[in-house]
Amino acid sequence: REIITLQCGQCGNQIGMEFWKQLCLEHGIDHSGMLEEFATQGTDRKDVFFYQADDDHYVPRALLLDLEPRVLQNLNSELPKLFNPENVFISKDGGGAGNNWAVGYESAEKVAEEIMEMVDREADGSDSLEGFVLTHSIAGGTGSGMGSYLLERLNDHFPKKLIQTYSVFPNQAEHSDVVVQPYNSILTLKRLTLNADCVVVLDNTALNRIAVERLHVDAPTNAQINSLVSTVMAASTSTLRFPGYMNNDLIGLVSSLIPTPRLHFLMTGYTPLSLADGHDGAVRKTSVMDVMRRLLQTKNIMVSCSTRKGCYISIL
C-alpha cells in the first residue's frame, strides 16, 4: 500500500525535508539511503514511503516541486544522496511565483505534462498505490497555485486514489508580509474542499505558540517549527509503517475520521512534545487519562481555534 509524497513550494519542501529526516531516523536509514546495521532485522514496512534501488539503498517515493531553485538547492546540500534526482522539478525560468496564486497555477499548467510524467513513473513503480500526500502552504504562490493545480490533475488522473494534504494555513488575525494572502487562501481552499479527501490543518501561529509555551523556546526558528510538523506527520503515518492491528492503511484512517466527504478538515494535537535539540515539554505523567486530557486541551492543538464550544465528531 504505497504512498507518494508531493512537496510543493518553499514551505512544502521544508516541511517535507524534516519529515524525511524523521522517517529515516525511525526506520534506521542513514542520510545517504543505506540501512543502518541495527535496523536489518526490523518488521517495519519501509516500502510504504521508500523503495529499494538496485544498489540496495532506499529512495523516498517523493516528488520535490518548486518554481525557484533556492530551497531545493539547500535540500540537496543537506541530503545529497537520498532523493532520486529525476524526481526534483525546478522551473526553467526559476523566478518563483511571487506569492501570487494565479502565477503558480499558470506555471504549473505550462509544465503539467512533465510533472504528471514524474507522478506516473512513481505510480508505475509501486505494487498497489494507495494515494498521495501533498505538503504545501496555502498563503504563498507556489504552494497554493501549483498545489491547487496538482490537486485538480491528481483527482482527474487517479480518481480512485486518496489524496491527503498537510496544509499550512496563515494566521488572518496578524498582519502578513504577503498582501494577497487572503486571496491565495480562498482560491486554494476551494480546491482543498473539492479535490482532497483529507486535509490536515496546520497553523503557523498555533505552532509558534506551542514552541514558546510548551517547549520554552524564546524565538522558535523555522526548522524547529517544521520539526513539530514532521513529528505529527510521522506519528499520523506510524500505523501504516509499523505492524499493528488497526488502521493499517490510509483508507482505514480516513474513513473513521471523516463523516461526510466535505467535512474533511482535521485538527491535530500531539503530546508529549520534544525537539531534537533537547527542548522538551517536561511531561511527567503519561497515563492514558493524562495523555487524552492533554491532547484535547486547546493549547496543545496545532490550529488557532477554540475547542471549548461545539463538540468532536470523531477522534482518532
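The values are calculated or read from the model by the stated rules, or taken from the named source; none is laboratory data. This is a predicted model, so every value here is computed, not measured. Backbone-built Cβ (ideal geometry, glycine too); neighbour counts: all protein chains shown. Each accessible area value is taken on the protein alone, full model and side chains, heavy atoms only, with ligands, DNA and RNA left out. Shrake-Rupley method; radii C 1.70, N 1.55, O 1.52, S 1.80 Å.
Using the Cα centre of region 59-133 as the reference point, and only Cβ charges (+1 on K/R, -1 on D/E), how large is the resulting charge dipole? Debye, rounded to the nearest 20.
Around 340 debye, computed over region 59-133.
State, in angstrom, two size descriptors of region 111-218 derived from its alpha carbons: Rg to one decimal place and Dmax to the nearest whole number.
16.0, 47
Looking only at Cα atoms, what is the convex hull volume of region 181-314 per residue, in Å³?
Hull volume over Cα atoms, normalised by residue count, gives 145 Å³.
Mean separation of Cα pairs under 8 Å and 6+ residues apart, divided by the residue count of the chain: what relative contact order is that in percent?
Here the relative contact order equals 19 percent.
Sticking with the crude label model, points 7 Å out along Cα→Cβ, report the distance from residue 37 to residue 52 in nm, one decimal please.
2.0
What is the Cα coordinate range of the chain on the first, second and third principal axes, sorted by size from largest, in whole angstrom?
Principal extents (largest minus smallest coordinate, Cα): 52, 51, 39 Å.
Please express the shape of region 1-130 as an equivalent ellipsoid: the semi-axes are the square roots of 5 times the eigenvalues of the C-alpha gyration tensor, given largest first in whole angstrom.
28, 16, 12
Using a basic spin-label model with each label point 7 Å from the Cα along Cα→Cβ, how many nm lie between residue 251 and residue 25?
Between residue 251 and residue 25, the simple spin-label model gives 3.3 nm.
Counting only protein heavy atoms and using a 1.4 Å probe, what share of the accessible area of the chain belongs to carbon plus sulfur, as a whole percent?
53
Which whole-number percentage describes the relative contact order of region 70-161, with Cα contacts under 8 Å and a sequence gap of 6 or more?
It comes to 36 percent, rounded to a whole number.
Could you point to the residue in 9, 313, 238 farthest towards the positive end of the chain's charge dipole, with +1 and -1 charges on the Cβ of Lys/Arg and Asp/Glu respectively?
Ranked along the dipole, the leading option is 313.
For the chain, what is the charge dipole size about the Cα centre, in debye to the nearest 20, if Lys and Arg each add +1 at the Cβ and Asp and Glu each add -1 at the Cβ?
Roughly 1600 debye for the chain.
If you project the alpha carbons of region 56-108 onto the principal axes, what extent comes out on each, in Å, largest first?
Computed over the Cα atoms, the extents are 42, 19, 16 Å.
Just flag the trypsin sites (Lys or Arg not before Pro) in region 1-81 sitting in loop per DSSP whose Cβ has no more than 13 other Cβ atoms within 10 Å.
Listed in order of number, the matching sites are 81.
Hey, with R₀ at 45 Å, roughly what FRET efficiency would residue 156 and residue 223 work out to, going by the Cβ-Cβ distance, to 0.05?
The pair residue 156/residue 223 has a calculated efficiency of 0.80.
At 1.4 Å probe size, with every protein chain present, just tell me what the per residue accessible area of region 170-226 comes to in Å².
For region 170-226, the per-residue accessible area is 52 Å².
Report the percentage of all Cα-Cα pairs in region 163-230 whose separation exceeds 15 Å, rounded to a whole percent.
I get 59 percent for the Cα pairs in region 163-230 exceeding 15 Å.
From Cα pairs below 8 angstrom and at least 6 apart in sequence, can you work out the relative contact order of region 10-68, rounded to a whole percent?
Reported relative contact order: 29 percent.
Past 29 Å, Cα to Cα: identify those pairs from 160/309; 21/299; 81/299; 92/160; 46/81, in the order given.
Flagged as over cut-off: 160/309; 81/299; 92/160.
Output needed for region 76-146: three equivalent-ellipsoid semi-axes, defined as square roots of 5 times the C-alpha gyration tensor eigenvalues, in descending order, whole Å.
The equivalent ellipsoid of region 76-146 has semi-axes of 23, 16, 13 Å.
Considering only DSSP states other than H, G, I, E and B, which GluC sites (Glu not before Pro) in region 13-52 qualify as loop sites with at most 15 other Cβ atoms within 10 Å?
Qualifying residues, ordered by number: 36.
Spin-label point model (7 Å from Cα, Cβ direction): what's the residue 295 to residue 117 distance in nm?
Using points 7 Å along Cα→Cβ, the separation is 4.5 nm.
How big is the charge dipole of region 1-145 about its Cα centre, in debye rounded to the nearest 20, if each Lys and Arg gets +1 on its Cβ and each Asp and Glu gets -1 on its Cβ?
Using Cβ point charges on Lys, Arg, Asp and Glu, region 1-145 gives about 480 debye.
Residues of region 7-124: accessible area per residue at 1.4 Å, in Å²?
On a per-residue basis, 48 Å².
At most 16 other C-beta atoms within 10 Å and a DSSP loop state: those are the exposed chymotrypsin sites (Phe, Trp or Tyr not before Pro) I care about. Give me the longest piece of the chain that has none.
Value returned for the longest uninterrupted segment is 1-244.
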